[in-house]
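Student: Just passing along the structure, written as structure tokens.
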Amino acid sequence: RAKAGGRNGVVLFEAAMLDEAQHKLAIARELAQAFENGELGMHLQLQVDRHGAPAGAELLMRWQRADGTMVRPDLFIPVAESSGMIVALGQWVLRQACAAWLALNQAGHPMPLSINVSPLQFRQPDFVEQVRAILAETGAPARELIFEVTEGLLIEDIGQTITRMHELAALGIRFSIDDFGTGYSSLAYLKKMPLYEVKIDKSFMQDIPQDLSGTAIVQSILSMAGHLGLRVVAEGIETEAQARYLAGHGADMQGFLYHRPMPLAQLIERLDSADLAAA
Ligand code: C2E
Ligand code: MG
Ligand code: MG
Ligand code: MG
């Protein structure tokens, strides 16, 4: 603890940073333990087309502690990224996605599945090999997998990133830019990437349709995607007004208005149920 004097603020600041670092270390340790103990799981969130019919699903990692409390991905994913654990987690997620696709297919509901691929995972020297091996091992079709990457991946080593995307695309993997509009994006690079879709970040949805400048950003993403022939998924759809606007512009949608993330078994039940078949 700091004593009186001019350095007081600095010392407190350093103490806070140390606390933060220790906190992250504690989470990293707990996460590694949770992974071993099988406390990590996956939820799937359905995406819908403009008629509300299922058009795919995104896998989202969930961490439920033994005491039942949930740890938010926004808290543990960045820690997993900085501790390097995301590499092992990411491989596990890919296996989960392959297994989920096979189960959905078996249940009569084949659909493309999206997974989030972190920059560290993507940059592993043997990443393409890992993907190839997991596909071969599980027998899931690469064509049915969409890798969501963020614009952050494009900041470093863009040439290498694009080369690797093409290698994975050659296997059949499709690519999506997640949280589109929040990061660094250059139209020149977008054109060079084997891209299949962009996901408009949910932070833009709150502006739809009443805020003119926010709506203008969404409008320009939609028109750019249209010109490049990309699928658009709008994230964070919570209201009918947002859905009307995005559906009216041909976007697919993902949001609590339609479906919340849920375990695979529950998703299959839902897909089996009559109301969805009618949609
Ligand atoms: P993301 O990939 O952009 O995922 C979408 C997030 O929006 C999810 O949060 C989802 O639950 C949430 N969401 C969906 N619809 C709505 C809505 O209508 N309203 C609101 N407010 N939110 C909605 P979640 O599951 O908490 O995940 C947060 C982030 O954690 C993800 O953002 C992704 O960046 C990361 N993440 C999750 N699972 C994985 C994973 O397996 N691997 C990696 N690398 N990152 C992951
Ligand atoms: Mg995502
Ligand atoms: Mg997103
Ligand atoms: Mg994200």
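The values are calculated or read from the model by the stated rules, or taken from the named source; none is laboratory data. Computed from a prediction, not measured in an experiment: that's the story for all the values here. Positions of Cβ are backbone-derived with ideal geometry, glycine not excepted, and every protein chain shown enters the neighbour counts. All accessible areas refer to the heavy atoms of the entire protein, side chains included, with ligands and DNA or RNA removed. Shrake-Rupley method; radii C 1.70, N 1.55, O 1.52, S 1.80 Å.
Student: Once you have the Cα-Cα distance between Ala21 and Ala170, take 0.36 nm times their residue separation minus that, and quote the gain in nm to one decimal.
Tutor: 49.6 nm
Student: Beyond 33 Å, what share of the Cα-Cα pairs of the chain is found? Please give it as a whole percent.
Tutor: Percent of Cα pairs beyond 33 Å in the chain: 27.
Student: Next question. Could you do me a favour and compute the accessible area per residue for region 118-201, 1.4 Å probe, result in Å²? Intermediate values should be presented prior to the final figure.
Tutor: On the way: 3570 Å² over 84 residues.
On a per-residue basis, 42 Å².
Student: Turning to a different aspect of this structure: How many nm separate the modelled label positions at Glu39 and Thr69, each set 7 Å beyond the Cα in the direction of the Cβ?
Tutor: Each label point is offset 7 Å from its Cα along the Cβ direction, giving 1.0 nm.
Student: Also: Just the number, please: Stokes-Einstein D of region 83-182 in µm²/s, Kirkwood Rh from C-alpha pairs, 37 °C, 0.692 mPa s. All intermediate terms of the calculation are to be shown ahead of the outcome.
Tutor: On the way: Rh = 13.9 Å.
The estimated diffusion coefficient comes to 236 µm²/s.
Student: How much of the accessible area of region 108-261, probe 1.4 Å, is carbon plus sulfur, in whole percent?
Tutor: Numbers: 3660 of 6770 Å².
Roughly 54 percent, rounded to a whole number.
Student: To the nearest 0.05, how large is the calculated FRET efficiency for Arg270 and Asp207 if R₀ is 35 Å and r is the Cβ-Cβ distance?
Tutor: Given R0 = 35 Å and the Cβ-Cβ separation, E is 0.70.
Student: Another question, if that's okay. Convex hull over the alpha-carbon atoms of region 191-239: what's its volume per residue in Å³?
Tutor: So the per-residue Cα hull volume is 73 Å³.
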